[in-house]
Amino acid sequence: MKKYFSILSDIEDKIRGGQYRSGQRLPSLRSAAELYRCSISTIMRTYVELEKRHAIYSIPQSGFYVVAKPGDLHNSTKGGAIDFASASPDLNVFPYLDFQHCLNKAIDKYKYHLFTYGDSQGLETLRQTIVSHLANAQVFAKKEQIIVTSGVQQALEILAKMPFPNEKMVVLVEQPSYDLYLRFLEAEGIQVCGITRRAQGIDLQELEEKFKNGKIKFFYTMPRYHNPLGTSYTREERKAIVKLADQYDVYVVEDDYMADLGAKQDFEPIFACDQTSHVVYLKSFSKIIFPGLRLGVVVLPEGLLKTFLAYKRYEDTSLLSQAALEVYIKNGMYEHHKHKIGSLYTARIHALNDAVERYNIKDELLEVSKGSSGVYMQFKLPEKVNIVGLMKRLAARNVRVVPGNGFYLSDYLKQEKFLRISISRAQLEQIDEGVKTIVEEVKRQNNR
C-alpha cells in the first residue's frame with residue numbers, strides 16, 4: 001500500500017512540476033514497473049487512479065497521456081508575487097475532484113440522514129473512523145472522548161470560556177502564538193498571561209513557576225511545527241510539560257494542527273505521555289484538505305466531556321462534510337493526499353534552508369529557526385531594522401511576508417522582532433529569489 005501511494009505521489013509531482021508535460025505519453029506499464037521496482041498490477045492501479053483524477057487519459061493500443069491543463073493554477077503564479085505570508089494550503093493541490101467524489105458517496109450512503117439534526121458530539125461513524133486515524137499518530141482515544149467541531153478555533157473558544165475541574169481561571173499561552181486565538185482571548189476579556197517561547201525552546205523553570213503560582217487553568221501549546229516559529233519541542237520537553245501539569249493540576253491544550261505534515265512520523269504527542277488525564281488534544285483537517293472544510297477534532301479527558309458538550313450545546317458542524325470526510329479517510333484518499341502535500345512542503349522547506357545558507361551566510365543578518373518540515377520559519381531581524389520600512393520595501397519588490405508583532409499579546413513586553421515566513425503558497429521556483437530579496441532589503445535597512 002505504501003509503495004502504491006509513493007508511486008502515485010511521485011507521478012503527480014512530475015506532472016505538476018512539468019517533468020511530464022501536457023499531452024506527453026507516460027512510460028509503458030512494463031517500463032514503469034521496472035523504474036519503480038514493483039509489479040505491473042501496481043502501476044496499472046496507479047494509472048487508473050490518475051485517470052480517475054483527470055490527471056491522465058488512456059488511448060487504446062497506445063498508452064496513457066498527461067491531460068492538458070491550460071488554466072492550471074500553478075502557471076498563473078509565475079511572474080507574480082512571492083507569497084511568504086499566506087498560511088492556507090496551496091491552491092494547486094486542493095483535492096477538489098476527490099472530495100467531490102466523497103461528497104457524492106456520502107449522500108448515497110446516508111441519504112436523508114445528512115439533512116436532519118445530528119449529534120452535537122459529531123457523526124458517530126466519523127468518530128469511530130477517527131479513533132483508528134488518531135492511533136496512527138500515537139493518540140489512543142475512545143470514540144466517546146472525541147468531539148467534532150467547526151474547526152479547531154471553535155474548540156479553543158469553548159475551552160477558554162468553560163470552567164475546568166481545577167477551578168482556576170487563567171489561560172497561559174506561548175509567546176509568540178496563534179494570532180487569532182490571542183485576539184479572541186483579549187476581546188472576550190479572558191484572563192490570559194504569556195510565557196516566552198523561542199526557537200531554542202521554553203524555560204521549564206519559568207513554566208513551573210507559572211504552573212505553581214499563576215492560577216493556570218490550562219496551558220495552550222503547539223508542540224509540533226509551531227506557528228509562527230516553525231520549531232518543535234524535544235521529547236524531553238514534552239515529557240517535562242506533562243509532568244509539571246500533573247504536579248500542579250494544570251491542563252495542557254495541545255494544538256497538533258501540523259500532525260500530518262511532518263517528516264518525522266515517530267513524533268510522540270504530549271497526549272501520548274499523559275498518564276493523569278490532564279491533556280486535551282486538538283487536530284485540524286484544514287491544513288491537509290482545504291480551510292473551507294471547517295472540521296476539527298478535540299479529544300477530551302472524561303472529566304471535561306460533559307461541560308464541553310454543555311457549552312457546545314448543539315450540532316453546528318455540517319453532517320454532509322463529516323460524512324464526506326469519513327469516506328475520504330476510509331478509502332485511503334486522505335493518506336495519499338497527506339503524503340503528496342507533505343512531500344511538496346518538505347521540498348519547499350529544504351529550498352528555503354538552502355536559500356538562507358546561500359544568501360545569509362556572509363553577514364548572518366538573520367537568525368533563522370531552521371526546520372525540516374512544516375510550513376513556517378522565523379526570520380529574526382537585527383534591532384536596527386525598521387520593520388515598517390522593511391515591509392514597504394518588500395511589498396514594492398512583490399514579496400509578501402508577515403511581521404511577528406501580531407503573534408504576541410498586546411501587552412507582552414518580551415517581543416522579538418521577526419518575520420514569519422510561510423512556504424504553503426510560495427512556489428518552489430520562487431523561494432530562492434524571495435529569500436535573496438529579503439536578505440538584500442534587511443541589509444539595506446541595517447546599514448542605514
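Just checking, how many residues over segment 123-167 are surrounded by fewer than 16 Cβ atoms within 10 Å (Cβ to Cβ), farther than 23 Å from residue 311 by Cβ and either of a type in the set (A, V, I, L, M) or not assigned by the TED database to the domain that holds residue 267 (or both)?
Number of matching residues: 1.
Which of the residues that make up segment 1-13 are open to solvent by less than 50 Å² (accessible area, probe 1.4 Å), out of contact with any Ser or Thr (no Cβ under 8 Å at 6 or more places or on another chain) and of a type in the set (A, V, I, L, M, F, W, C)?
Residue satisfying the conditions is 5 alone.
Got a sec? Which of 413, 390, 394 is farther than 28 Å from residue 256 by Cβ and touching a Pro at 6+ places or on another chain (Cβ under 9 Å)?
It is 390.
Go through segment 14-36 and give me each residue that's of a type in the set (D, E, K, R) and buried (at least 16 other Cβ atoms within 10 Å of the Cβ).
16
With the checklist (1) of a type outside the set (D, E, K, R); (2) out of contact with any helix residue (DSSP H, G or I) (no Cβ under 7 Å at 6 or more places or on another chain); (3) at pLDDT below 80; (4) buried (at least 17 other Cβ atoms within 10 Å of the Cβ) in hand, flag the one item residue 79 doesn't pass.
(4)
Kindly list the number of the only condition in (1) more than 26 Å from residue 290 (Cα to Cα); (2) touching a Leu at 6+ places or on another chain (Cβ under 9 Å) that fails for residue 167.
Of (1) more than 26 Å from residue 290 (Cα to Cα); (2) touching a Leu at 6+ places or on another chain (Cβ under 9 Å), only one is false for residue 167: (2).
Take the conditions closer than 25 Å to residue 18 by Cβ and not assigned by the TED database to the domain that holds residue 231 and apply them to residue 415. Does it pass?
No.
Yes or no: segment 237-252 includes at least one residue that is touching a Phe, Trp or Tyr at 6+ places or on another chain (Cβ under 7 Å) and within 26 Å of residue 128 (Cα to Cα).
Yes - at least one qualifying residue is present in segment 237-252.
What single numbered condition from (1) touching a residue at least 40 places away in the same chain (Cβ under 8 Å); (2) surrounded by fewer than 17 Cβ atoms within 10 Å (Cβ to Cβ); (3) not polar (S, T, N, Q) fails to hold for residue 338?
So the condition that residue 338 fails would be (2).
Which of the residues belonging to segment 348-386 are open to solvent by 40 Å² or more (accessible area, probe 1.4 Å) and either assigned by the TED database to the domain that holds residue 256 or modelled with pLDDT of 90 or more (or both)?
Across segment 348-386, the qualifying residues are 350, 354, 357, 358, 359, 367, 380, 383, 384, 386.
Identify all residues within segment 371-389 that are within 20 Å of residue 443 (Cβ to Cβ) and in contact with a strand residue (DSSP E or B) (Cβ under 8 Å, 6 or more places away or on another chain); write none if there are none.
377, 378, 379, 380, 381, 387
I'd like to verify a number: residues in segment 116-158 that are of a type in the set (A, V, I, L, M, F, W, C) and either over 22 Å from residue 287 (Cβ atoms) or at pLDDT below 90 (or both), how many?
Total meeting the criteria: 2.
For segment 401-424, what are the residues that are surrounded by 16 or more Cβ atoms within 10 Å (Cβ to Cβ) and either in contact with a Lys or Arg (Cβ under 9 Å, 6 or more places away or on another chain) or of a type in the set (Asp, Glu) (or both)?
Passing the criteria: 401, 402, 403, 404, 407, 408, 416, 417, 418, 419, 423, 424.
With the requirement that a residue be part of a helix (DSSP H, G or I) and surrounded by fewer than 22 Cβ atoms within 10 Å (Cβ to Cβ), what does segment 323-333 give you?
Of everything in segment 323-333, those that are part of a helix (DSSP H, G or I) and surrounded by fewer than 22 Cβ atoms within 10 Å (Cβ to Cβ) turn out to be 329, 330, 333.
Here is a list: 203, 274, 179, 260. Which entry is modelled with pLDDT under 95 and open to solvent by 40 Å² or more (accessible area, probe 1.4 Å)?
Testing whether each residue is modelled with pLDDT under 95 and open to solvent by 40 Å² or more (accessible area, probe 1.4 Å) leaves just 179.
Take the residues in segment 295-320 that are over 30 Å from residue 275 (Cβ atoms) and in contact (Cβ under 8 Å) with a residue 60 or more places away in the chain, then tell me which one is most open to solvent (accessible area, probe 1.4 Å).
It comes out as 313.
Quick one: in segment 83-106, which of the residues that are within 20 Å of the chain's Cα centre (by Cα) and among the polar types (S, T, N, Q) is farthest from residue 394 (Cα to Cα)?
Only one residue tops the list, namely 92.
The values are calculated or read from the model by the stated rules, or taken from the named source; none is laboratory data. Model, not experiment: these values are computed from the prediction. Don't worry about glycine lacking a Cβ; one is built from the backbone with ideal geometry, like all the others, and counts go over all protein chains shown. When the accessible area is computed, the model is the full protein with side chains, heavy atoms only, and any ligands, DNA or RNA have been set aside. Shrake-Rupley method; radii C 1.70, N 1.55, O 1.52, S 1.80 Å.
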